[in-house]
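Student: Below is one structure. I have some questions about it.
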Amino acid sequence: MKFPRLLAVCCLFVLSMAGCQQSLTDRLMGEWVGTPDTAAAAAERSAQTKANAAEMGGEAAALPVDENLTKKREKTDLEQHDVTITLDFKNRTDVEMKIAGGGQPLNGRWRLVQALPPRGAEIEISLKHDASEKDGKPQSTEKRRFVIDFQGDDNDAGFTLSEKGADPQFGRLYFKRKD
């Protein structure tokens, strides 16, 4: 009799995880505009999250304070550049990336690798590079993984994006929905 219960619990767990990934995928759909994240902006978002938690149930004291946000630190590599990047998650597989002020948009494929509790995900973006007769390079596909951390629980909350395994000094981008 224990086996059917165990099977039911396992099925429920698998289905709930599939739903979680489904909602993360849906949440990313659309156009997002990103700029280098700063310590001041991250601290402000953290304070706002804490204030919202206090309004919802007085649990603000239970939220941990991110010490990295309160320490004085040097600017990250990304912060030293005035760059704006647009990511357009067109559907569950296609993504377009544009850098403001120049260049052709890059089209690629994306997929959700895994959900990262409490409000994050790891995604993989694959970009195809055309063959270059000039350089003698064959066509290739570049795959990179990124960690996304949503900065709130609603669908329009922004997110930070950093390359998985990258040096923290490189920095991260903060994306918000395009107006």
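The values are calculated or read from the model by the stated rules, or taken from the named source; none is laboratory data. On a predicted model such as this, the values are computed, not experimentally measured, just so you know. Cβ sites come from the backbone with ideal geometry, for glycine too, and all protein chains shown count toward neighbours.
Student: Could we say that V65 is surrounded by 13 or more Cβ atoms within 10 Å (Cβ to Cβ) and either within 23 Å of S23 (Cβ to Cβ) or at pLDDT below 85 (or both) here?
Tutor: Working: surrounded by 13 or more Cβ atoms within 10 Å (Cβ to Cβ): no; either within 23 Å of S23 (Cβ to Cβ) or at pLDDT below 85 (or both): yes.
Spelling it out, it is not the case that V65 is surrounded by 13 or more Cβ atoms within 10 Å (Cβ to Cβ) and either within 23 Å of S23 (Cβ to Cβ) or at pLDDT below 85 (or both).
Student: Let me ask something additional. Assuming R109 fulfils every condition listed in (1) modelled with pLDDT under 90; (2) assigned by TED's automatic domain parsing to the domain that holds A166 apart from one, which condition is it?
Tutor: Result: R109 fails condition (1) only.
Student: Just give me the residues in the stretch 130-161 being more than 30 Å from Q48 (Cα to Cα) and outside any strand (DSSP E or B), in sequence order.
Tutor: Quick first cut of the stretch 130-161, residues more than 30 Å from Q48 (Cα to Cα) only: 130-144.
Scanning the stretch 130-161 gives D130, A131, E133, K134, D135, G136, P138, Q139.
Residue by residue, here is whether (1) touching a helix residue (DSSP H, G or I) at 6+ places or on another chain (Cβ under 7 Å); (2) in a loop (DSSP other than H, G, I, E, B) holds:
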site	(1), (2)
E96	no, no
Q104	no, yes
L112	yes, no
K128	no, no
F175	no, no
D179	no, yes
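Student: Turning to a different aspect of this structure: Here are E142, E124: which of them is charged (D, E, K, R) and touching a Leu at 6+ places or on another chain (Cβ under 6 Å)? It would help to see each step written out before you state the result.
Tutor: Details: E124 fails: touching a Leu at 6+ places or on another chain (Cβ under 6 Å).
Answer to the check: E142.
Student: Only residues that are within 21 Å of Y174 (Cβ to Cβ) and either of a type in the set (A, V, I, L, M, F, W, C) or loosely packed, with under 12 Cβ neighbours inside 10 Å (or both): list them for the stretch 114-140, please.
Tutor: Taking the stretch 114-140 first, the residues within 21 Å of Y174 (Cβ to Cβ) are 115-125.
Answer for the stretch 114-140, where residues must be within 21 Å of Y174 (Cβ to Cβ) and either of a type in the set (A, V, I, L, M, F, W, C) or loosely packed, with under 12 Cβ neighbours inside 10 Å (or both): A115, L116, P117, P118, A121, I123, I125.
Student: Give me a count of the residues in the stretch 114-126 that are outside any strand (DSSP E or B) and either in contact with a Gly (Cβ under 9 Å, 6 or more places away or on another chain) or small (G, A, S) (or both).
Tutor: To start, the set of residues in the stretch 114-126 that are outside any strand (DSSP E or B) comprises 117-119.
Now restrict to residues that are either in contact with a Gly (Cβ under 9 Å, 6 or more places away or on another chain) or small (G, A, S) (or both): 119.
Final tally of qualifying residues: 1.
Student: Right, something else. Given the criteria at pLDDT below 85 and either surrounded by 13 or more Cβ atoms within 10 Å (Cβ to Cβ) or closer than 26 Å to D167 by Cβ (or both), does G103 qualify? Reasoning before the result, please.
Tutor: Numbers: at pLDDT below 85: yes; either surrounded by 13 or more Cβ atoms within 10 Å (Cβ to Cβ) or closer than 26 Å to D167 by Cβ (or both): yes.
So G103 passes the test.
Student: Still on this structure, please answer the following. For the stretch 84-100, which residues satisfy the criterion of being within 20 Å of K164 (Cβ to Cβ) and without any contact (Cβ under 8 Å) to a residue 60 or more places away in the chain?
Tutor: Listed by number, the residues that qualify are T93, V95, M97.
Student: Only residues that are farther than 30 Å from M56 by Cα and assigned to a loop (DSSP other than H, G, I, E, B): list them for the stretch 162-173, please.
Tutor: Within the stretch 162-173, K164, G165, A166, D167, G171 qualify.
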